[in-house]
Amino acid sequence: MFFNAMSYCDISNSQHPMLAYETALQEALASVSVKSCSTSIPLSQALGKVLACDVLSPMDMPPFSQSAMDGYALLAQDLESSNEFRVVGKSFAGHPYSGAITSGECVRIMTGAVLPEGCDSVIMQEKVTVNGDSITIDSEVKAGQCVRAKGHEYRAGDVVLKRGTPISARHIALLASMGFKEVEVFEPLTVAIFSTGDELIELGEPLAAGQIYDSNRYSLIAQLEKLNCHVLDYGIIPDCVSQIERAFSQANSEADVVITSGGVSVGEADYTKEVLDKLGNIEFWKVAVKPGKPLAFGYLSDSVFLGLPGNPVSAMVTFDKVAKPVLKKLAGEADSPQMLLGATCKTPLRKNVGRLEFQRGFAATDERGNLIVETTGGQGSGMVGSMCAANCYIVLPQMQGNVAAGETVMIELFAANLQA
């Protein structure tokens, strides 16, 4: 088990107050801990995985002093007596010069090649005049210029990547440069997901009166695939207590995390709360956030539970702002808060006091390079088009009211799970 019980909350009490978003997120994160299993995998398969231990540099980086330019390697102080140098050899990448230079000598050198013994600097080839087997230097040379010194970036034993780092292409480049063929990573979380509701229908089927296509499951699975997760898709579960209970029992036995959409509001046919009250504990189920007030978090006997709203934008936003941080912690990923940026709002925004709002916006820079943002239009929780037109949230505090055009607002650019 990789979560800690919080005090029980009776979800049948509709008068239970809403939690502030920050409080709900802090409580959810405090109640879970990282899944401990790790495994060693080839570096070529490590993209998107999470490091299970600190990575120490096995060598100095660079491993030898090398040239940063094509030019000539020499000892800078020799220029005090003469600006003419005799070229005594060549040092190419992979083919170093084997000797040592003496006063007044230099070596033709290429970018990345080993700096010959007795040299401390490189003069760019564009700043010399070549005269047969000698060169004349007409510019100043400072000791150490155009040289990448041995160990300049890392020393052997330095921590180069920390436990909990999600491995990106740039991390793979660093690990490969140090010779790592394999890395120790956390195993992916297993996440079971299903939608609830008699109104939902699978893609490709004809719609009857009152029916809609299930978009939430596809959206959430797409976001999960950006994280370190293995997804079990349970499909659509109708509004039937016995079938919902059966789905929860199976998911609990097969997954680390169970995520549902729909069935956590206050409607007469919203049975998810009823089943979870029987099979597990729900720690909170109303959050002062818009979109997404009906948001449940708790646990079953062997898994963490996240119940997201049924409206598609609400499901996307609450997954991004609550479920994703919980999943990342469970998967061993270190906390990495999103950056908030100040931007001038070009359009007026409507906002009621009482809930933190993540309105959809499109951010850009104006002709002077200043950050600006405008609304993508209607902010209804069923308007998926407004999410598609957006590239950021406009984050409006809980006690914020309407925003006039020209005011400064805080924005948060969409993370990878909502971008390409």
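Every number in this text was worked out from the coordinates using simple rules, so none of it is lab data. Here the structure is a predicted model, which is why all the values come from computation and not from measurement. As a convention, Cβ positions derive from the backbone with ideal geometry for all residues, glycine included, and neighbour counts pool all protein chains shown.
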Please work out the FRET efficiency for the pair GLU205 and ALA334, using the Cβ-Cβ distance as r and a Förster radius of 45 Å; give the result to the nearest 0.05. 0.60
For region 135-272, rounded, prolate or oblate, judged on the Cα gyration tensor with a ≥ b ≥ c (square roots of eigenvalues), a/c < 1.5 rounded, else prolate if a/b > b/c? prolate
Could you list ASP320, ASP302 so that the one with the fewest beta carbons within 10 Å of its beta carbon is first and the one with the most is last? ASP302, ASP320
SER33 and ALA169 label points (each 7 Å along its Cα→Cβ direction) are spaced in nm at 3.8
Indicate the gyration tensor shape class of region 284-353 (rounded, prolate or oblate), computed on the Cα atoms with a ≥ b ≥ c the square roots of the eigenvalues: a/c under 1.5 is rounded; otherwise a/b larger than b/c is prolate and the rest oblate. oblate
Please get the size of the charge dipole for the chain, origin at its Cα centre, with Cβ charges of +1 on Lys and Arg and -1 on Asp and Glu, quoted in debye to the nearest 20. 380
Charge dipole of region 333-420 about the Cα centre (unit charges at C-beta), most positive-ward option of PRO337, TYR393, SER381: SER381
Would any residue of region 404-420 have its amide N under 14 Å from a label point 7 Å out along Cα→Cβ of LYS346? List them or say none. 405-407
For q values of 0.17 Å⁻¹, compute log₁₀ I(q)/I(0) with the Debye formula on a Cα-only model of region 341-415, without solvent. -0.57
Helix-only mean residue ellipticity at 222 nm for the chain, each DSSP H run of n ≥ 4 adding -39500 (n - 2.57), per residue, nearest 500: -4500 deg cm²/dmol
Bridge orientation stat for the chain from DSSP, antiparallel percent rounded to 5, came to 65
Once you have the Cα-Cα distance between ARG246 and GLN45, take 0.36 nm times their residue separation minus that, and quote the gain in nm to one decimal. 68.8 nm
Label-to-label distance, nm, for residues given as LYS162 and GLU182 (7 Å Cα→Cβ offset): 2.7
So, in nm, how far is label MET124 from label LEU413 when the simple model puts each one 7 Å beyond its Cα toward the Cβ? 3.0
Cα-centred dipole magnitude for region 28-101, charges only on beta-carbon of K, R (+1) and D, E (-1), debye, nearest 20: 500
Please name which of ILE109, GLN125, PRO291 has its Cα lying farthest along the dipole of the chain towards the positive end, using unit charges on Cβ (Lys, Arg +1; Asp, Glu -1) and the Cα centre as origin. PRO291
Within the chain, what's the longest run with no trypsin sites (Lys or Arg not before Pro) in a DSSP loop and at most 12 other beta-carbon atoms within 10 Å? Give the range, please. 182-349
Once you've got the Cα coordinates, tell me which of LYS278/LYS329; LYS226/LYS273; LYS321/LYS351; LYS162/LYS286; LYS49/LYS273 are over 25 Å apart. LYS278/LYS329; LYS226/LYS273; LYS162/LYS286; LYS49/LYS273
